[in-house]
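Report on one structure; see the data block that follows.
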Amino acid sequence: MVQQVSPTVIYPDSDGQPMAENTQQFQWIVVIKENLEILFANRPDVFVAGDLLWYPVEGDNKTRQAPDAMVAIGRPKGHRGSYRQWEEDNIAPQVVFEILSPGNRLAEMNRKFKFYERYGVEEYYIYDPERLDLAGWRRGESELKMIEEMSGWVSPRLQIRFEFPPTGLELYYPDGRRFLTSVELHQQAEAAQRQAQESEQLARRAEEELAEEKLRSQRLAEQLKRLGIDPDSQV
């Protein structure tokens, strides 16, 4: 009797597609992904990734998608070549972001929508930075339903707030801070460092002035004593 051996299924870590088609799309992907990393930095059970292939079905290496940014709540942080759902306690990423570029086609976006709807995404957000167009969907009982008003919308899963002024999308942390680019974060850190240094210099200068005043008082007291005057006298 010949025993048949099932072939090993290979799940590639790359689909051969570029992460982004232009600098604007790339910047938005990085801003959203990195700020989500910051948001959940103290949560070891939240995994955030950008442009990572997600395989929802074991044994099927054709059914896959690489969201521009995704959040899997309930999964540990750590490096992965791909997100293989059956190795992740069968937890699907709950929140997915896609940033459009001129190369995106309607048929492609429809395929992505059907994929996310079928495989359990709870919140799906699409932003077109060129056309300044924002859309979002939230899972109902069995399907993704469009969010009618995105400006002011607060993500149920992430608790981040979406604002959509005429200048384009703005995202805010639960505490009201705005999502910033890496350059803005660096500038903010530098400003905080300068302020801390200035405060330290002011405190040191105040200590030096206090010490000088104390020294002057001591010298004056010594001079008064040499003249036979008690500096501590109340008269």
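The values are calculated or read from the model by the stated rules, or taken from the named source; none is laboratory data. Source: prediction; values computed, not measured. Counting neighbours? That spans all protein chains shown, and the Cβs are built from the backbone with ideal geometry, glycine included. We work out accessible area using only protein heavy atoms, side chains counted, and drop any ligands, DNA or RNA first. Shrake-Rupley method; radii C 1.70, N 1.55, O 1.52, S 1.80 Å.
Here are the numbers for this structure:
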read-out: For the chain, calculated [θ]222 nm from helices alone, where every DSSP H run of n ≥ 4 adds -39500 (n - 2.57); value: -11500 deg cm²/dmol
read-out: Accessible area expressed per residue, region 34-129, with surrounding protein chains retained (probe 1.4 Å, Å²); value: 44 Å²
read-out: Cα centroid of region 41-60 to Cα centroid of region 77-100, whole Å; value: 2 Å
read-out: Rough spin-label spacing in nm, given labels placed 7 Å along Cα→Cβ, for MET146 and ARG177; value: 3.5 nm
read-out: The chain, accessible surface, carbon-and-sulfur percent (1.4 angstrom probe); value: 49 percent
read-out: The chain, relative contact order in percent, only Cα pairs under 8 angstrom and at least six apart counted; value: 12 percent
read-out: In degrees, nearest ten, helix 23-39 long axis to first principal axis of the chain (Cα); value: 70 degrees
read-out: Positive-end residue, region 81-165 charge dipole about Cα centroid, Cβ charges, pick of ILE99, GLY140, ASN110; value: ASN110
read-out: Charge tally in the Cβ shell below 13 Å around LYS62, where Lys, Arg are +1 and Asp, Glu are -1, LYS62 excluded; value: -1
read-out: Net charge contributed by nearby residues that have their C-beta within less than 12 Å of GLY168 (K/R +1, D/E -1); value: -4
read-out: Under 15 Å from LYS145, Cα to Cα: aspartates and glutamates that are on another chain or at least 8 residues apart; value: GLU117, GLU122, GLU123
read-out: Qualifying lysines (Cα of each under 20 Å from Cα of LYS62; at least 8 residues distant if same chain); value: LYS112, LYS114
read-out: Fluctuation leader among GLU21, GLU212, GLU130 - the chain, Gaussian network, Cα springs under 10 angstrom; value: GLU212
read-out: Per residue Cα convex hull volume in Å³ - calculated over region 118-235; value: 223 Å³
read-out: The chain: most fluctuating residue of ALA203, ALA69, ALA92 per GNM, C-alpha cutoff 10 Å; value: ALA203
read-out: Alpha-carbon radius of gyration plus Dmax, which is the widest Cα pair, for the chain in Å; value: 29.4, 121
read-out: Max mean-square fluctuation residue, GNM over the chain, Cα-Cα springs under 10 Å, options VAL96, VAL57, VAL121; value: VAL57
read-out: Dipole magnitude of the chain, debye to nearest 20 (Cβ charges: Lys/Arg +1, Asp/Glu -1, about Cα centre); value: 260 debye
read-out: Area accessible to solvent at TYR124, 1.4 Å probe radius, in Å²; value: 0 Å²
